[in-house]
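As structure tokens, the structure follows; a few thoughts come after it.
The values are calculated or read from the model by the stated rules, or taken from the named source; none is laboratory data. It should be emphasised that the depicted structure is a prediction, and the values quoted were computed from it without experimental measurement. Glycine gets a Cβ as well: all are built from the backbone with ideal geometry, and neighbour counts include every protein chain shown. We work out accessible area using only protein heavy atoms, side chains counted, and drop any ligands, DNA or RNA first. Shrake-Rupley method; radii C 1.70, N 1.55, O 1.52, S 1.80 Å.
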Amino acid sequence: MPSDKTTYQTRKKPLRILLANPRGFCAGVDRAIKIVELAIKKFGAPVYVRHEIVHNRYVVEGLEAKGAVFIDELDEVPDDVPVVFSAHGVPKSVPAEAERRKLIYVDATCPLVSKVHRQVERHKAGGRHILMIGHAGHPEVIGTMGQVDPGSMTLIETVADLDSLVFESGTDLSYVTQTTLSVDDTADIVAGLENKFPELKSPKKEDICYATTNRQIAVKEIARQADRVIVIGAPNSSNSRRLVEVAEKTGSRARLVQRATDLDFSWLSGAKTIGISAGASAPEILVAEVIDAIKVHYDASVELVTTAEEDVTFKVPPMLQSVI
Ligand code: SF4
């Protein structure tokens with residue numbers, strides 16, 4: 001009979017964790033959350049928010065606890081309550097309706113999405129039909145396509161969609177993109193478009209934002225070295241899902257988890273090195289939670305893999321500056 005109790009303890013297996021940097025919150029998400037918090041500070045609770053301010057349940061529930069009420073459409077907002085529009089942007093009809101009803105509203109659309117809205121307006125004013133590369137049904141796509149009259153834009157989701165694109169001869173064409181797409185997949189679609197329509201007016205650079213681009217580069221770097229990649233983010237977060245796809249295309253097995261309770265340790269079995277990243281709407285507290293949960297099972301060491309430094313910040317709207 002062994003006298004030393006430790007004889008019975010199972011040694012934890014070593015595990016190397018490569019932590020992608022940059023990961024998690026981008027400047028647009030940070031600003032949107034701040035806008036809701038400041039609106040509650042300025043106007044008092046409740047403040048209504050049209051759609052999930054950012055695609056993350058943890059963030060949404062945290063804001064609900066502070067007095068935010070999330071709704072799907074403007075007609076759910078009482079006349080005397082302020083309303084915030086989400087970071088993904090809204091069709092023009094939404095602020096127009098808010099103005100008609102004389103609602104106080106604060107627009108938390110990310111400035112990089114607003115920039116795409118202005119491009120769409122410019123193309124329309126220039127008499128061009130606009131192709132939008134993006135995902136059907138995503139709020140950003142609905143918002144961007146809602147900047148101009150129905151019929152002014154055509155959505156393209158994949159390279160295969162190019163086959164069915166037919167326009168009358170003499171139609172001037174231009175394109176914009178959703179900000180959270182896969183950089184590589186979008187490059188393929190753009191190449192196909194330019195090949196099919198040589199006269200296409202292309203922007204200097206596609207509209208995929210700095211945060212999406214940087215997080216994809218970082219996840220590629222960790223995926224190259226890791227047996228598994230965990231991306232922390234919501235299933236309805238476009239940029240988080242793209243990170244999973246990019247990791248898989250780089251050759252690693254990858255999964256999206258919302259938080260530690262989603263971890264499947266049998267899936268990690270046999271891995272010596274894993275990578276961790278987080279979508280632009282996933283807070284750092286959830287990254288820490290996942291790492292802590294892994295450390296319960298493994299003798300894990302964490303290495304930061306930095307591929308870019310970010311210093312982008314966006315100001316909140318003037319209406320809220322006084323309560324900062
Ligand atoms: S992912 Fe990019 S476009 Fe979207 S909120 Fe963040 S910075 Fe803005």
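A few notes on this one:
- Virtual spin-label span in nm between Lys102 and Val312, 7 Å along Cα→Cβ: 3.9
- √(5λ) per eigenvalue of the Cα gyration tensor, the range 147-193, largest first, Å: 19, 15, 9
- Candidate cross-link partners of Lys12 among the lysines, defined by an alpha-carbon separation under 18 Å and a same-chain spacing of 8 or more, comprise Lys272, Lys295.
- Among Asp163, Asp184, Asp292, the largest mean-square fluctuation in a Gaussian network model of the chain, built with springs joining Cα atoms closer than 10 Å, belongs to Asp163.
- Its Cα centre serving as origin, the chain has a Cβ charge dipole (Lys and Arg +1, Asp and Glu -1) of approximately 920 debye.
- Between Asp262 and Ser301, the modelled labels are 2.9 nm apart [label points 7 Å from Cα along Cα→Cβ].
- For the range 224-324, trypsin sites (Lys or Arg not before Pro) meeting the loop criterion (DSSP other than H, G, I, E, B) and having at most 13 other Cβ atoms within 10 Å: Lys272, Lys315.
- Take the Cβ atoms of Lys12 and Arg118, set R0 to 56 Å, and the FRET efficiency comes out at 0.55.
- Estimated D of the range 54-96 in µm² per second, where Rh is the Kirkwood radius over Cα pairs and Stokes-Einstein applies at 10 °C, 1.306 mPa s: 135
- Estimated purely from DSSP H runs of n ≥ 4, each contributing -39500 (n - 2.57), the mean residue ellipticity at 222 nm for the chain is -11500 deg cm²/dmol once divided by its residues.
- Relative contact order (%) - the range 103-185, alpha-carbon pairs under 8 angstrom, separation at least six: 39
- Relative to the longest principal axis of the Cα atoms of the chain, helix 238-250 runs at roughly 60 degrees.
- Once the Cα atoms are used to define both axes, helix 57-66 deviates from the longest principal axis of the chain by about 80 degrees.
- Within the accessible surface of the range 77-209, defined with a 1.4 Å probe on protein heavy atoms only, the carbon and sulfur portion equals 53 percent.
- Rel. contact order, % - alpha carbon contacts under 8 angstrom, at least six apart, the chain: 27
- Over the chain, the ratio between the Cα radius of gyration and 2.2 N^0.38 Å evaluates to 1.13.
- At 1.002 mPa s and 20 °C, Stokes D of the range 157-227 from Kirkwood alpha-carbon radius, µm² per second: 155
- Taking a straight line from the alpha carbon of Lys315, these lysines sit under 26 Å away, with near neighbours fewer than eight places off in the same chain left out: Lys34, Lys41, Lys42, Lys66, Lys92, Lys102, Lys115, Lys204, Lys205.
- Applying the criteria of a DSSP loop state and at most 13 other Cβ atoms within 10 Å to the chymotrypsin sites (Phe, Trp or Tyr not before Pro) of the range 126-215 yields Phe167.
- Largest GNM mean-square fluctuation among Val120, Val190, Val176, using the chain with Cα springs under 10 Å: Val190.
- Segment Asp161-Asp72, length gained on full extension (0.36 nm per residue, minus Cα span): 29.1 nm
- Given in Å, the Rg to one decimal and the Dmax to the nearest whole number for the Cα atoms of the range 191-324 are 18.1, 58.
- For the range 209-286, the relative contact order is 42 percent, taking Cα pairs closer than 8 Å that sit 6 or more residues apart in sequence and dividing their mean separation by the residue count.
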